[in-house]
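The values are calculated or read from the model by the stated rules, or taken from the named source; none is laboratory data. Note that the structure is predicted; figures quoted are calculated from it, not measured. Because the Cβ atoms are built from the backbone with ideal geometry, glycine has one as well, and the counts that use them run over all protein chains shown.
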Amino acid sequence: MKHYSTIRMLTTVALGAACAAGLSGCRGDREAKPPRQFFPDLDDAPKWKPQSGSEFFADGRTMRPRVQGAVAFSRVALSEATLAERPAWAAPHLADREALLAADQASATGRDAAGEWLVSIPIAVDKAMVLEGMERFDIYCAVCHGYMGDGKGMVGQQWAYPLPSFHDEKYFDAAQQTGRDGYLFNVSRVGVVGPDGVAKMPGYAHALSERESWAIVAYVRALQQSRRGTLADLTEQERGIVQRQWGVRTSNAGGNP
């Protein structure tokens, strides 16, 4: 019985090897016929792509103009009453609408009418905006640039070359192109491309709105100022708090609890 099992196993292995050898002979062959699709998963579903042509319509366009008299609607009617009754819910929608209707090219591109990078942020900056910038910076930027903006993020430390620090003079001096707010705004949206045409950093316009990009710039400026500020910049009360905290830190510098 054992001898029979051994013969059957060897026969099975031999047949498998013969099949594999036959299949190896098909490598490199070209076939004009499309491959068989056992699970098409709507891969070949009829569709029209944007900006393409079609003979179905008289004008040959797949993208159709809006039907005259059509009224856009959403799941929740954006009436003035709804916006007033639900201000917290309406706030992001109103901000999106304002951004879409804005005709300010400076805030959208980071450049002035002459095509130069803007020296300062073109929209109002407040504490809420800086905090929003901190949140977005921590999500999208800190992994490479570090939470302090010093280029020592988890990924940045493993990089093939040192990543730039936002505390370098060239990112702070407005006399240089790289030190202007418009430049940093543009970097956050389209990334950085080296002289050789290779992208050194991807852009995040797909994930950040224009306001969020400006918020990140505002937060970067706050990070820079945190290292350049002096006690003279603080009020008397704030100086006392900082000095007390600094005294505790220096007294514990030797490792005392």
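Some points to look at:
Conditions tested, residue by residue: (1) of a type outside the set (A, V, I, L, M); (2) closer than 19 Å to Tyr183 by Cα.
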position: Cys144; (1), (2): yes, yes
position: Lys152; (1), (2): yes, no
position: Gly156; (1), (2): yes, no
position: Leu163; (1), (2): no, yes
position: Lys170; (1), (2): yes, yes
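- Met154 surrounded by 12 or more Cβ atoms within 10 Å (Cβ to Cβ), part of a loop (DSSP other than H, G, I, E, B) and on the phi < 0 side of the Ramachandran plot: no
- If you go through the stretch 194-243 and keep only what is at pLDDT 85 or above, exposed (fewer than 10 other Cβ atoms within 10 Å of the Cβ), assigned to a helix (DSSP H, G or I) and not acidic (Asp, Glu), you end up with just Gln237.
- Any helices (runs of 4 or more DSSP H) falling wholly within the stretch 92-147 and containing at least 1 residues that are at pLDDT 95 or above and acidic (Asp, Glu): 127-136
- In the set (1) basic (Lys, Arg); (2) within 31 Å of the chain's Cα centre (by Cα); (3) modelled with pLDDT under 85; (4) not in a helix (DSSP H, G or I), Lys49 fails one condition alone, (3).
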